[in-house]
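Here's the structure we're looking at; comments come further down.
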Amino acid sequence: MARGYLPILLTVAGIWGASFMFIDVAVDEMKPTVVIALRLVLAALVLVPFLLAQEGVRAGLSELREAGWGLALLGLINMALPFTMIAWGQTHVNSSIAAIANAPVPIFVALLAIRFRPEERVRGLRLAGILLGFVGVAVLAGLNPEGGWWAVAGTLIVTAAAVFYAVSNLFAQSRFSETQPLVIVTGSSLAAALMLLPPALIQLPAEVPSAKALGSVAALGIGGTAFALILYFRMLAVHGASRSSLVTYLVPMTALLYGAFLLDEPIHLNAIAGLLLILSGIAIGSGVVRFTRRREVVPATPRA
């Protein structure tokens, strides 16, 4: 395991697990588009000055121009769309369910690799793992006795957001492997904020939200977006899409703890069953866990 991987993985998982909790608080008083637009505006207001201060105004703007319109596309598929989908889903399901439903990112990465990396074929146990993960999503969405059909829709839309995250993982790795993470996060956050501002302005609440809701949005923008994404894209550039997407193993568990202890969310059997099935499917389907014959097993070799 390369130096620095585990600390970054755990930090990002802790921050993103809390993000589901903050979304849950914010959408009680604001529309999903407003929450996410404010989140991204705050992130951009932090990131743009930081980039220009670190690189210099001329150099910073030059790096953004060199990255090109790809940053706008990344902002759409990695922020504007999935962030809003998750926030909408959380108007119908709690933060724990949303975090679990968003977990199958590595499964979608493995599926997309079939198309974009033909040499990576998914069959046998890996295919079984992918199917197991989808069974977990079905259990999570279909066995919720309290939510009804809106809860099913909310769970599925959050799962669909995971597809966009998987696409953005592969896209960022191939397009921006040589671009520094700060430039990636700054440009994509700014682009995503500009995309969501028009619908958000139309849906502004009639009354000023509470300090609790506004504080949650600030935590989402500064911590969950600006800081966490700098760390995540650094991890993506160094360790690759498959290893970086393993953060989704930890996010649902941290979100489950935050929701239970800080929001008093009940933990239902379908949530536990869905979590176990999805994480098992991720482990097998993404190739992290491999079952080999006993005679083929050799001691693991540490990596630098």
Residue within the range 75-98 that is more than 17 Å from the chain's Cα centre (by Cα) and part of a helix (DSSP H, G or I) present:
no
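Each row is one residue, and each column tells you yes or no for (1) more than 25 Å from Ser244 (Cα to Cα); (2) among the polar types (S, T, N, Q); (3) modelled with pLDDT of 95 or more; (4) not in a helix (DSSP H, G or I).
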residue	(1), (2), (3), (4)
Thr11	no, yes, no, no
Asp28	yes, no, yes, yes
Val35	yes, no, yes, no
Arg58	yes, no, no, no
Leu61	yes, no, no, no
Could you go through the range 176-183 and let me know if any residue there is in contact with a helix residue (DSSP H, G or I) (Cβ under 9 Å, 6 or more places away or on another chain), in a helix (DSSP H, G or I) and aromatic (Phe, Trp, Tyr).
no
Can you tell me which residue in the range 109-164 is modelled with the highest pLDDT, limited to those that are in a helix (DSSP H, G or I) and among the charged types (D, E, K, R)?
Arg115
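Residue-wise test of (1) crowded, with 19+ Cβ neighbours inside 10 Å; (2) modelled with pLDDT of 80 or more; (3) acidic (Asp, Glu).
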residue: Ser210; (1), (2), (3): no, yes, no
residue: Tyr232; (1), (2), (3): yes, yes, no
residue: Val238; (1), (2), (3): no, yes, no
residue: Ser244; (1), (2), (3): yes, no, no
residue: Gly274; (1), (2), (3): yes, yes, no
residue: Phe291; (1), (2), (3): no, no, no
residue: Ala300; (1), (2), (3): no, no, no
Within the range 25-34, is even one residue crowded, with 16+ Cβ neighbours inside 10 Å, out of contact with any Ser or Thr (no Cβ under 6 Å at 6 or more places or on another chain) and basic (Lys, Arg)?
yes
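Residue-by-condition table, conditions (1) acidic (Asp, Glu); (2) surrounded by fewer than 20 Cβ atoms within 10 Å (Cβ to Cβ):
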site	(1), (2)
Leu47	no, no
Phe50	no, yes
Ala53	no, yes
Glu66	yes, yes
Met79	no, no
Asn94	no, no
Suppose we filter Val167, Val238 for residues that are part of a helix (DSSP H, G or I), of a type in the set (Val, Ile, Thr) and either free of Cβ contacts under 8 Å to residues at least 60 places away in the same chain or farther than 24 Å from Pro32 by Cα (or both); which single one remains?
Val238
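Against the condition closer than 30 Å to Val152 by Cβ and not in a helix (DSSP H, G or I), how does Ala103 come out, does it pass?
yes
The values are calculated or read from the model by the stated rules, or taken from the named source; none is laboratory data. Here the structure is a predicted model, which means the values were calculated and not measured. All Cβ positions, even for glycine, are placed from backbone atoms using ideal geometry, and neighbour counts span all protein chains on display.
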